[in-house]
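Asks: Structure in structure tokens, see below.
The values are calculated or read from the model by the stated rules, or taken from the named source; none is laboratory data. Quantities reported herein were computed from a predicted structural model and do not represent experimental measurements. Cβ atoms come from the backbone with ideal geometry, glycine included; neighbour counts cover every protein chain shown.
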Amino acid sequence: MKKLSIITVCLDAKDDLDKTLASIAPQKTKEVELVIIDGNSSDGSEVVFKKYSDMIDRLVVEGDKGIYDAQNKGIDNANGRYLLFLNAGDILKEGVLTKVGLEADRPDIIFGNIDVKMSEDFSFIKKMKPRISKMFLYYDTIPHQAVFIRKSLFDKIGKYKLEYPIVADYEFFVNALFMENCSSSKIDLCISEYNMDGTSSRLSNRRKMMKERAQIKRLYYTGFELFVFGLLSPFYYLFVKYPSYLKRLRRRKDD
């Protein structure tokens, strides 16, 4: 068994795919498997597949029902102990795989920090808390591009649920951490760079995302938790979320 399977899903994203695979190439070893799931691209992506054919362990080209259906296919085709979902456009940070321990005795979920690229002129490092609380996930999420997930966890609690086409990974994390009590730990490394052009980040999908998150919260949070966390929402954004964002913005301007 390989230590890690990197799963990359793509659809008509030739240039973004090239950037992602270029970031993986220097860190590809015999312990790292690369699985690509392409949803029948028509933009010439096969040129990129050919360019990196020596390091692609498994390539599936067929239609799918969306990002999470494609990622589920990636899970089915992966043989690594851990899985990292790094989709077209995501960039693996230099040298990170040599610093991450993915041995058999490690936790089910290992998460790190992520470089969030808001635009060409502004990006910031999102530093995750050492411990993920239920309250934290009420307001925020864990970026899947910075999480190593033990593959057997999907066998235990199921793969991504397609009824949540925008935030199925959010549902998975809430279920895994607080319903199934899966083990987790943080590594203080920046794992990847994430471009805010992602599906769940687009303004056009914002309303759908909020609706899906609300459905998931009603499913996994108690009535008391929904009441208390909802009551605290203005204070969280006013005193935690926004000050943190402004601090990052000032730091970027200073640079």
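Asks: Somewhere in the range 130-151, is a residue surrounded by 18 or more Cβ atoms within 10 Å (Cβ to Cβ), over 22 Å from ILE6 (Cβ atoms) and of a type in the set (Ser, Thr, Tyr)?
Replies: Taking every residue of the range 130-151 in turn, at least one turns out to be surrounded by 18 or more Cβ atoms within 10 Å (Cβ to Cβ), over 22 Å from ILE6 (Cβ atoms) and of a type in the set (Ser, Thr, Tyr).
Asks: Here's another thing I want to ask about it. Does ALA104 fit the bill of being over 20 Å from TYR220 (Cα atoms) and modelled with pLDDT of 90 or more? Can you show your working first?
Replies: Details: over 20 Å from TYR220 (Cα atoms): yes; modelled with pLDDT of 90 or more: no.
Considered against the rule, which asks whether it is over 20 Å from TYR220 (Cα atoms) and modelled with pLDDT of 90 or more, ALA104 comes out as no.
Asks: Testing ARG106 on (1) within 17 Å of the chain's Cα centre (by Cα); (2) on the phi < 0 side of the Ramachandran plot; (3) not in a helix (DSSP H, G or I), one condition comes back false. Which one is that?
Replies: ARG106 satisfies all of (1) within 17 Å of the chain's Cα centre (by Cα); (2) on the phi < 0 side of the Ramachandran plot; (3) not in a helix (DSSP H, G or I) except (1).
Asks: If you go through the range 63-71 one residue at a time, do you hit one that is in a loop (DSSP other than H, G, I, E, B), in contact (Cβ under 8 Å) with a residue 12 or more places away in the chain, of a type in the set (Lys, Arg) and surrounded by fewer than 19 Cβ atoms within 10 Å (Cβ to Cβ)? Talk me through it step by step, then tell me what you get.
Replies: The initial filter retains those residues of the range 63-71 that are in a loop (DSSP other than H, G, I, E, B), namely 63-66.
In the following step, the residues that additionally are in contact (Cβ under 8 Å) with a residue 12 or more places away in the chain were identified as 63-66.
Then keep just the ones that are of a type in the set (Lys, Arg); that gives 65.
Filter once more, keeping what is surrounded by fewer than 19 Cβ atoms within 10 Å (Cβ to Cβ): 65.
Yes, that holds for at least one residue.
Asks: Are any residues in the range 27-44 more than 20 Å from VAL147 (Cα to Cα) and in contact (Cβ under 8 Å) with a residue 40 or more places away in the chain, and if so, which ones? Please lay out each step first, then the result.
Replies: We begin by selecting, within the range 27-44, every residue more than 20 Å from VAL147 (Cα to Cα); these are 30, 38-44.
Passing the criteria: none in range.
Asks: Then there is this: For LYS14, which of the numbered conditions (1) crowded, with 24+ Cβ neighbours inside 10 Å; (2) in contact with a Ser or Thr (Cβ under 6 Å, 6 or more places away or on another chain) fails to hold?
Replies: Among (1) crowded, with 24+ Cβ neighbours inside 10 Å; (2) in contact with a Ser or Thr (Cβ under 6 Å, 6 or more places away or on another chain), LYS14 violates only (1).
Rundown of residues vs (1) within 23 Å of the chain's Cα centre (by Cα); (2) closer than 16 Å to GLY158 by Cα; (3) of a type in the set (Lys, Arg), yes/no style:
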| position | (1), (2), (3) |
| --- | --- |
| ASP43 | no, no, no |
| VAL47 | no, no, no |
| LYS51 | no, no, yes |
| ASP54 | no, no, no |
| ASP57 | yes, no, no |
| VAL61 | yes, no, no |
| GLY66 | yes, no, no |
| LYS73 | yes, yes, yes |
| ALA78 | yes, yes, no |
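Asks: Then there's this: Determine whether VAL60 is part of a helix (DSSP H, G or I) and among the β-branched types (Val, Ile, Thr). Give the steps one after another, and end with the answer.
Replies: Details: part of a helix (DSSP H, G or I): no; among the β-branched types (Val, Ile, Thr): yes.
Against the criterion (part of a helix (DSSP H, G or I) and among the β-branched types (Val, Ile, Thr)), VAL60 does not qualify.
Asks: Related question: Just need a number here: residues in the range 109-140 that are outside any loop (DSSP other than H, G, I, E, B), under 29 Å from LEU11 (Cβ atoms) and in contact (Cβ under 8 Å) with a residue 24 or more places away in the chain.
Replies: At the first step, the residues of the range 109-140 found to be outside any loop (DSSP other than H, G, I, E, B) are 109-117, 123-126, 134-139.
Add one more test, that the residue is under 29 Å from LEU11 (Cβ atoms), and what stays is 109-117, 123-126, 137.
Restricting the remaining residues to those that are in contact (Cβ under 8 Å) with a residue 24 or more places away in the chain gives 109-117, 123-125, 137.
Residues in the range 109-140 being outside any loop (DSSP other than H, G, I, E, B), under 29 Å from LEU11 (Cβ atoms) and in contact (Cβ under 8 Å) with a residue 24 or more places away in the chain: 13 in total.
Asks: Assess whether PHE172 counts as being in contact with a strand residue (DSSP E or B) (Cβ under 9 Å, 6 or more places away or on another chain), within 23 Å of LEU92 (Cα to Cα) and free of Cβ contacts under 8 Å to residues at least 40 places away in the same chain. Give the derivation first.
Replies: Numbers: in contact with a strand residue (DSSP E or B) (Cβ under 9 Å, 6 or more places away or on another chain): yes; within 23 Å of LEU92 (Cα to Cα): yes; free of Cβ contacts under 8 Å to residues at least 40 places away in the same chain: yes.
Yes: the conditions hold for PHE172.
Asks: How many residues does the range 157-195 hold that are crowded, with 18+ Cβ neighbours inside 10 Å and assigned to a helix (DSSP H, G or I)?
Replies: 9
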